[in-house]
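First comes the structure, then the notes that go with it.
The values are calculated or read from the model by the stated rules, or taken from the named source; none is laboratory data. Keep in mind it's a predicted model, so treat the numbers as computed, not measured. For neighbour counting, all protein chains shown are included, and Cβ atoms are generated from backbone atoms with ideal geometry for every residue, glycine included.
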Amino acid sequence: MSTTPFLVSCPRMPPKLPACDPCRSRKVACDHLHPHCSRCRDANLTAVCTYRSRPFKKRQIRSISNKVREPSQQRNLDDPSTPASPGVLLKRPRQYPNPGYLGSSSHTTLFDHLSSGNSPSSDVDDHDQDREKTRHKFRPSLVNDEKIAQGAALIRQVRLSAKASSWVLLVEAWTAKGVNLPLTDSFTMQCAETAQHIVKNLGSRDEDIVTLSKKLFLHSCSSLTTGTDSTLKDFCGTFCESNARWETMGLFFTAVSRATIDLPCFGFLYNTDLERRYLQRLAMQYSDSCLNLALSLDCLNDLQLILQYENFILHSLVDGDQSKRFLLFKRALLSD
């Protein structure tokens, strides 16, 4: 018995024929007749009915490669020390105009402030002295008359609508329940007492309000100077009492708005839910205004970051974590 395997012959695919140029451009069927297809003869297009010589092969772009290779070969001929490599194209790296530059926080900018001729200890001492000199120096490039006017307008609103003494009692009753702001629980009352002192001792003249606005901006521009031996009292002294800044006022208003969430009623301030919501929104609006004024100075510090976080948490509780305002504050917080 024969063991020869049975071979099955598969039918071959018909060859692929090219279409003429008119049929190919119009994307219609072509019968591939030569010299002219039937469709072109019927449409009187025999004059343009032509077939491509290499229809199914990609065109080799030699003109561009030759143009690129010619200067390289010319350089090799001019410079005998350079080995000729006509098959390899040498690409020169293109560097960024100023690599590593990150603005005012770049290492180049920071190191430019250090003098190379002095010792490290003298550099630190000189830097501390310069910082102490510029600590209370008003910088007109950061604070202009427009910002001072915005701060004065906010102070007028707070003076007319806010009851500072009653709001401090609200925050005090709120913290007595064991509730507080997440990051400022150690100095929330200091901020509240500072805000009460500012509003209570504020004069009635417009000059006093403008002076207070300028003073708050001045302190917000200055850095929080602390050392390894600084205590909590020393840290609070940099932004409370006579060194009050916009961040201090913002933390106080944030605490007032947060207190209305946990205290459904509070004596003569609010007794109904409508009054509570009004005070809640008003204090949050003041907190937003203080934060925006501090951020407009472009002087980032730890207290400003704390206010941003507390204001962000406040909006998540009042507006909800799916509201548009919450998402805007979230994007602003993440960008910093």
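Quick notes on this structure:
- Among the numbered conditions (1) loosely packed, with under 14 Cβ neighbours inside 10 Å; (2) closer than 26 Å to Val199 by Cα; (3) at pLDDT 90 or above, the only one that Phe268 does not meet is (3).
- Residues of region 185-239 that are over 26 Å from Ser166 (Cβ atoms) and in a loop (DSSP other than H, G, I, E, B): Ser222, Ser223, Leu224, Thr225, Thr226, Gly227, Thr228, Asp229, Ser230, Thr231, Thr238.
- Of the numbered criteria (1) more than 28 Å from the chain's Cα centre (by Cα); (2) buried (at least 20 other Cβ atoms within 10 Å of the Cβ), the one Ala176 fails is (2).
- For region 215-234, a residue qualifies if it is touching a residue at least 60 places away in the same chain (Cβ under 8 Å) and hydrophobic (A, V, I, L, M, F, W, C), and the qualifying residues are Leu216, Phe217, Leu218, Cys221, Leu224.
- Residue match in region 161-176 (condition: at pLDDT 90 or above, touching a strand residue (DSSP E or B) at 6+ places or on another chain (Cβ under 6 Å) and in a helix (DSSP H, G or I)): yes
Conditions tested, residue by residue: (1) surrounded by fewer than 17 Cβ atoms within 10 Å (Cβ to Cβ); (2) under 26 Å from Gly178 (Cβ atoms).
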{"residue": "Ser223", "(1), (2)": "yes, no"}
{"residue": "Thr231", "(1), (2)": "yes, yes"}
{"residue": "Thr238", "(1), (2)": "no, no"}
{"residue": "Trp246", "(1), (2)": "no, no"}
{"residue": "Thr254", "(1), (2)": "no, yes"}
{"residue": "Pro264", "(1), (2)": "yes, yes"}
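- The one condition from (1) out of contact with any Ser or Thr (no Cβ under 9 Å at 6 or more places or on another chain); (2) at pLDDT below 90; (3) closer than 17 Å to Gln190 by Cα; (4) not hydroxyl-bearing (Ser, Thr, Tyr) that Gly237 does not meet is (2).
- Scanning region 185-214 for residues that are under 19 Å from Ala149 (Cα atoms) and touching a residue at least 40 places away in the same chain (Cβ under 8 Å) returns Ile198, Val199, Leu202, Asp206, Ile209, Val210, Leu212, Ser213, Lys214.
- Some residue of region 285-300 being acidic (Asp, Glu) and on the phi > 0 side of the Ramachandran plot: yes
- Flag if Asn311 is in contact (Cβ under 8 Å) with a residue 40 or more places away in the chain, within 22 Å of Trp246 (Cα to Cα) and among the polar types (S, T, N, Q): yes
- Comparison of Glu241, Glu247 shows that the only residue that is more than 19 Å from Trp174 (Cβ to Cβ), touching a residue at least 24 places away in the same chain (Cβ under 8 Å) and in contact with a Leu (Cβ under 7 Å, 6 or more places away or on another chain) is Glu247.
Each row is one residue, and each column tells you yes or no for (1) of a type in the set (A, V, I, L, M); (2) assigned to a loop (DSSP other than H, G, I, E, B); (3) modelled with pLDDT of 60 or more.
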| position | (1), (2), (3) |
| --- | --- |
| Val28 | yes, yes, yes |
| Pro35 | no, yes, yes |
| Ser53 | no, yes, yes |
| Ile64 | yes, no, no |
| Leu77 | yes, no, no |
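- Some residue of region 300-318 being in a loop (DSSP other than H, G, I, E, B), within 19 Å of the chain's Cα centre (by Cα) and at pLDDT below 95: yes
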